[in-house]
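Asks: Take this structure first; my questions come after.
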Amino acid sequence: MHSPNLSRRVFLKASGGVLAGTLAFASGPIALLAPSRSWALSLESLSSRQGEMLLGITRQIFPHPDLEDAVYAMVVKSLDRKAAGASMHALLKEGIDALDASAGGDWLALDETARLEHLAPMVGTPFFETIRGDAVVSLYDNPLAYAHFGYGGAEGDGGYLSKGFNDLTWLPEPPKPQGGYLPYESVG
């Protein structure tokens, strides 16, 4: 039976775990999309510790020093949904436990170089490939990543050609084709 006196703390304790953080770059493009500087992600299948580990692992696999943890949390959210299945939950738990064990008990306590040294031998394992494969989509295919990287929109978006497809500051300028970039540019 539902109790109207159920506190938020009791609710969060009853669910899997919570992953929380604060936006580090208060003036960046992601901060403009966020309703506040603090963020939290409720986990249904994973513990808070497991969520922190997956966030750290994803950050090691796809390092972007100035990308907010809130964007990496999208990977954790996706993996948490998939961990509702017993085999996926076991795969993630065993991989996290193995990583902690190889690091002497707490992989997250290590510096970045040491973390990478312990993670590198796991490349190619089902654990590593599951995280990597999910992160390729969950990390880069969301509006927060678009805002960070300056991506203007999908190719099929009607405004893509004339609304800044070439406004990426982190890529070198490509050579201009003979007919111009846009269909309406004249030759010459």
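Values quoted throughout were computed directly from the atomic coordinates according to the rules given, and no laboratory measurement underlies them. Just so you know, these numbers come straight off a predicted model, no measurement behind them.
Asks: Once Rh for segment 38-117 is found with the Kirkwood sum over Cα pairs, what is the Stokes-Einstein diffusion coefficient at 20 °C and 1.002 mPa s, in µm²/s?
Replies: Working: Rh = 13.1 Å.
In µm²/s, the coefficient rounds to 164.
Asks: Would you kindly give the portion of the calculated P(r) for segment 79-133 that falls above 14 Å, as a percent of all Cα pairs?
Replies: 55 percent
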